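The values are calculated or read from the model by the stated rules, or taken from the named source; none is laboratory data. Quantities reported herein were computed from a predicted structural model and do not represent experimental measurements. Note that we place each Cβ from the backbone using ideal geometry, even for glycine, and neighbour counts take in every protein chain shown. Only protein heavy atoms, including side chains, enter the accessible area calculation; ligands, DNA and RNA are left aside. Shrake-Rupley method; radii C 1.70, N 1.55, O 1.52, S 1.80 Å.
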Amino acid sequence: MIKLGTLLCTLLGITLIAFFVIRLAPGNPVLLMIGERGADPRQYQEALHRLSLDRPLFEQYLGFVGRASGGDFGSSIVSGRSVQTELLARWPATIELGVAVILLSLLVGVPAGVIAAIRRRSVVDKLITVGSLIGYSMPVFWLGLVLILVFSEMLGLTPVSGRLDIAFDIRPATGFMLIDTLLPEATARYGLDAFFSALHHLLLPTLTMAATPIAVFARMTRASMSEVLGEDYIRTARAKGLAALRIIWLHALRNALLPVITVGGLFFVSSAIAGAILTETIFGWPGVGSYIVNSVYARDYPVIQGSILLIGVLVILTNAGVDLLYRVANPRMRV
Amino acid sequence: MNKKIAPLLAALLGAAPQLSHAAPADDTLVYCSEGSPESLNPQITLSGTARNATTTTLYDRLVDFAPGGSRVAPALAESWTVSADQKTYVFKLRRGVKFHKTAFFTPSRDFNADDVLFSFNRQLKADHPFHAVGGGNYQYFQGMGMDKLIASVGKIDDYSVRIVLTRPEAPFLTDLAMPFMSILSAEYGGRLQKAGRPADIDILPVGTGPYAFSSYLKDSTIRYAANPQYWGAKPKIRNLVFAITPDASVRLQKMKKGECQIAVSPSPADLQIIRDNRQLRLSEQDSMNIGYLAMNVEKPPFNNVLVRRAVAYALNKQAYVNAVYLGNAKVAINPYPPTMWSYTDKVQTYGYDPVKARALLAQAGYAKGFSTTLWTLPVSRPYNPNGRKMGEMMQADLAKVGIKVELATFDWATYLDKVKRGEHQMVQLGWSGDNGDPDNFLYTLLSCDSVTRGSNNSRYCQPTFNKLISDARRTDDAKVRSKLYQQALQQLSKDEPIIPIAHSKVYRVLSARVNGFVVNPFDMDYFAPLSYQNR
């Protein structure tokens with residue numbers, strides 16, 4: 001487990017980054033808010049004062065850390081509502097997309113890696129390797145737009161953006177569209193149509209965001225699996241005449257997946273956040289990612305700070321979780 | 001098992017027609033907007049995004065801008081009279097105007113004077129029960145100086161209101177047409193107060209506009225329903241949906257697929273594609289702004305009018321429009337665009353002419369040119385998206401006539417501050433007007449008062465010009481004002497303290513099936529006149 005000191009240092013580091021980095025960016029919120037009227041120095045000063053942006057930077061930082069440690073991230077400069085409230089409303093959309101991406105990445109990436117490892121140096125292996133390389137190096141933004149162009153515009157198979165067809169007026173109960181559309185209120189009005197529409201809308205963003213994780217899982221599984229397949233106990237199992245599939249699923253995969261879980265899990269969280277920011281923006285997905293982008297444009301400091309801090313905590317927690325999972329999965333660590 | 005999966009797969013692949021994302025029915029119009037409004041009350045918001053989501057959908061004002069321009073037309077006030085001293089305005093209010101009946105509010109009475117008092121006093125008076133609701137920041141109201149201009153708002157009877165000003169101000173009527181002067185329901189306010197939920201007034205809005213609020217799903221959709229009792233031309237489309245779509249290329253894809261019928265701000269790179277697409281139409285109009293180069297007339301050599309004219313001739317403005325605005329702007333000859341009333345093109349113009357520029361410089365005694373500095377805009381603004389690039393082009397143009405230019409810039413706050421103190425020689429700046437009155441440009445940017453107040457960036461103070469715009473300010477006769485402003489523009493073009501560069505354009509992408517759309521220079525869209533063409 002992560003030691004407490006390290007944890008605190010990391011958190012402190014995150015607060016420093018969250019607070020200072022965004023302030024290096026040109027443009028300030030007051031000018032963005034009051035537009036050309038920022039040219040009126042009196043009004044500018046008033047707004048600056050109201051938002052406490054006229055205090056020394058370090059004083060602002062101390063205030064931020066003090067409040068944040070008590071769980072208060074302040075209020076959005078743009079909407080005036082508390083950052084927690086604003087973020088809470090947006091997490092479900094991001095989590096929904098994230099879960100879909102995890103499922104797709106595991107369902108596609110791991111089997112692809114296994115197949116590539118079994119058929120090493122075959123055409124299939126090469127295809128999977130090249131495919132994963134492409135998937136890995138494809139810019140998310142570009143991929144999203146290409147997928148929209150191909151699947152929505154040219155083939156007409158998927159909607160362009162959003163979470164649900166506008167024909168369905170679903171009031172958010174849980175915030176998870178796939179659940180909300182299955183609630184009695186929704187099914188009474190639309191049957192399962194709204195649910196399928198939500199699934200339908202989930203398709204392209206999931207594909208876009210999953211490209212990198214799929215590639216990573218495939219490459220890692222292949223490497224790890226290849227190594228395991230060369231181990232003595234697999235050769236022994238083969239010599240004993242066990243069925244090939246049984247060897248792979250029962251003996252090899254379990255061991256091969258260990259490093260995949262550790263590295264993959266960590267990688268997933270960081271790439272999911274980066275991916276979510278871009279993907280949500282492209283697809284008009286009302287989650288935390290697009291909210292962060294909007295806040296950066298508006299230089300909404302409290303929201304950016306709060307989001308970075310929360311994401312930092314999330315990464316630390318995932319790190320710990322993955323550590324734990326590794327211990328459970330690896331018999332040698334269970335002592 | 002397979003039987004259960006099959007329809008799911010079919011749906012995912014778009015094979016099941018009833019689930020498809022086809023164009024909406026004729027009674028629904030989807031408007032692809034670029035972002036989420038920060039609030040649904042135009043009194044407390046400043047952004048263009050919030051303006052479109054509230055001002056022209058949900059609310060009306062006492063007066064409004066006539067379609068496509070900046071002239072003032074009656075709205076909730078049918079008529080008005082102004083006292084001889086220009087300080088007292090009496091408005092006759094329209095009768096029979098209904099507030100929205102929504103899921104959360106049923107009005108018991110029509111719109112009347114109480115609603116005007118409620119809406120204005122909320123912003124004006126610190127002791128108004130709703131003043132502090134939602135933070136109490138009425139930035140536009142205060143920024144426009146309304147708190148100092150309006151002495152009182154009083155009720156004469158249920159259908160007439162008296163507004164007393166502290167001093168005459170001709171543009172006051174146009175100020176009333178601005179979004180922050182929207183009229184909210186006093187009855188609704190009272191009920192919310194009783195229920196202990198005053199903050200709802202900005203979240204669950206009730207107005208008199210052509211559309212009533214249905215629901216808002218953050219960052220996703222805002223739904224409006226037509227107001228069947230609207231006092232003006234009844235909205236022809238029953239459901240209006242704002243589909244919040246931040247990415248410009250995605251908005252265009254949605255237009256192409258028919259998922260939305262109007263999209264805001266297309267990407268400059270896509271304009272030609274839109275023009276070429278027969279399903280789509282591109283609407284464009286000069287917006288109410290100006291990007292300009294100001295020369296400090298207090299400092300030599302710019303205190304010499306010949307030098308200023310020479311600089312004006314030396315700059316290839318069309319080249320800047322092409323390279324800096326990517327063609328999305330129009331070369332300017334005046335401080336405000338042609339959509340503004342009182343505009344005239346009968347002014348002295350300065351086309352690109354380096355030979356003339358050289359001759360003028362020689363005449364002014366600078367045959368060998370001179371050296372100077374030009375400050376380039378450090379931030380991207382609608383009126384000038386890339387100050388640095390424009391600066392480099394200006395530098396090259398001026399070098400051709402012998403003027404050696406050094407470029408400099410500072411962070412935005414410092415930049416404004418230094419300009420205010422008159423430390424500059426040449427400086428790029430601009431202005432976005434928002435009430436459609438010439439005064440909003442000429443007085444703010446070029447009057448003698450503004451030199452000390454710090455918004456006259458050329459520090460130009462010329463008696464003839466200043467008298468013209470001051471006289472125009474003191475009368476409310478539009479014809480007289482118009483004439484005075486035209487004369488002022490002519491005087492200004494002779495003195496050329498600022499060189500107008502460009503008015504950027506406002507674009508909308510429209511489905512070819514949408515009728516009745518009128519572009520508005522303030523970037524506001526009116527929804528009531530919209531209709532669909534029959535297929």
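Using only Cα atoms, tell me the angle between helix B:113-124 and the longest principal axis of chain B; keep it within 0 to 90° and round to the nearest 10.
50
Listed here are the pairs B:Lys356/B:Lys404; B:Lys98/B:Lys194; B:Lys125/B:Lys418; B:Lys125/B:Lys194; B:Lys87/B:Lys194; which of them are more than 25 Å apart at the Cα?
Checking Cα-Cα distances, B:Lys125/B:Lys418; B:Lys87/B:Lys194 exceed 25 Å.
Considering just Cα atoms, how many Å³ per residue does the convex hull of chain B enclose?
177
Residue by residue through A:185-196, how many Cβ atoms from other chains fall within 10 Å of the Cβ on average?
Per residue, the average neighbour count from other chains is 2.
When Lys and Arg each count +1 and Asp and Glu each count -1, what net charge do the other residues less than 15 Å away from A:Phe151, Cβ to Cβ, add up to?
+1
Any chance you could look up the accessible area of B:Asp64 with a 1.4 Å probe, heavy atoms only, rounded to 10 Å²?
20
Shape verdict for region B:449-535, please, from the Cα gyration tensor: rounded (a/c under 1.5), prolate (a/b greater than b/c) or oblate.
Prolate is the answer for region B:449-535, as a/c is 1.5 or above and a/b outweighs b/c.
Under a 1.4 angstrom probe, counting protein chains only, how are A:Arg246, A:Arg327 ranked by accessible area, largest first?
Reading off the accessible areas and sorting them downward yields A:Arg246, A:Arg327.
Given B:Tyr138, B:Leu192, B:Thr221, which one lies farthest toward the positive end of the charge dipole of region B:122-258, if we put +1 on the Cβ of every Lys and Arg and -1 on the Cβ of every Asp and Glu?
Comparing the listed Cα positions along the dipole, B:Thr221 ranks first.
Before I look further, what does the protein assembly as shown give for accessible area per residue, probe 1.4 Å, in whole square angstrom?
42
Towards the positive end of the charge dipole of the protein assembly as shown, with charges on Cβ (+1 Lys, Arg; -1 Asp, Glu), say which of A:Tyr44, B:Thr88, B:Ile501 has the farthest Cα.
It is B:Ile501, whose Cα lies furthest towards the positive end.
Setting aside same-chain residues fewer than 8 positions from B:Lys92, which lysines have a Cα under 18 Å from its Cα?
Once the sequence-local lysines are set aside, what remains near B:Lys92 is B:Lys155.
Net charge within 14 Å of A:Ala272 by Cβ-Cβ distance, Lys/Arg positive one each and Asp/Glu negative one each, not counting A:Ala272 itself?
Local net charge: -2.
Counting other C-beta atoms within 10 Å, and keeping those with at most 16, which DSSP coil trypsin sites (Lys or Arg not before Pro) do you find in region A:106-200?
In loop regions of region A:106-200 (DSSP not H, G, I, E or B), the sparsely surrounded trypsin sites (Lys or Arg not before Pro) are A:Arg119, A:Arg120, A:Arg121.
Label B:Ser265 and B:Arg167 with points 7 Å out from Cα along Cα→Cβ: what is the distance between them in nm?
3.6
When we measure straight from the Cα of A:Lys240, which aspartates and glutamates land under 14 angstrom away, once same-chain ones fewer than 8 places off are left out?
Within reach: A:Asp232.
Projecting each Cα onto the charge dipole of region A:176-335 (Lys/Arg +1, Asp/Glu -1 at the beta carbon, about the Cα centre), which of A:Thr281, A:Thr318, A:Phe196 comes out farthest on the positive side?
Positive-most Cα among the choices belongs to A:Thr318.
Where does each of A:Phe20, B:Phe120 land when they are ordered by accessible area, with a 1.4 Å probe and the largest first?
Accessible-area ranking of A:Phe20, B:Phe120, largest first: A:Phe20, B:Phe120.
How high is the relative contact order of chain B? Use alpha-carbon pairs under 8 Å, at least six apart in sequence, and give a whole percent.
19
Are there any GluC sites (Glu not before Pro) in region B:378-439 that are in a DSSP loop and have at most 10 other Cβ atoms within 10 Å? List them by number.
Sparse-neighbourhood loop GluC sites (Glu not before Pro): none present.
Could you work out the local net charge near B:Lys299, counting Lys and Arg as +1, Asp and Glu as -1, over the other residues with Cβ closer than 14 Å to its Cβ?
Neighbourhood net charge equals +2.
From the P(r) of region A:237-335, could you give the percentage of C-alpha pairs in the tail past 21 Å?
54
Give the span of region B:380-535's Cα atoms along each principal axis, as three whole-Å numbers ordered largest to smallest.
So the three principal-axis extents are 61, 41, 31 Å.
Could you state the number of Å between the C-alpha centres of region B:122-162 and region B:295-309?
44
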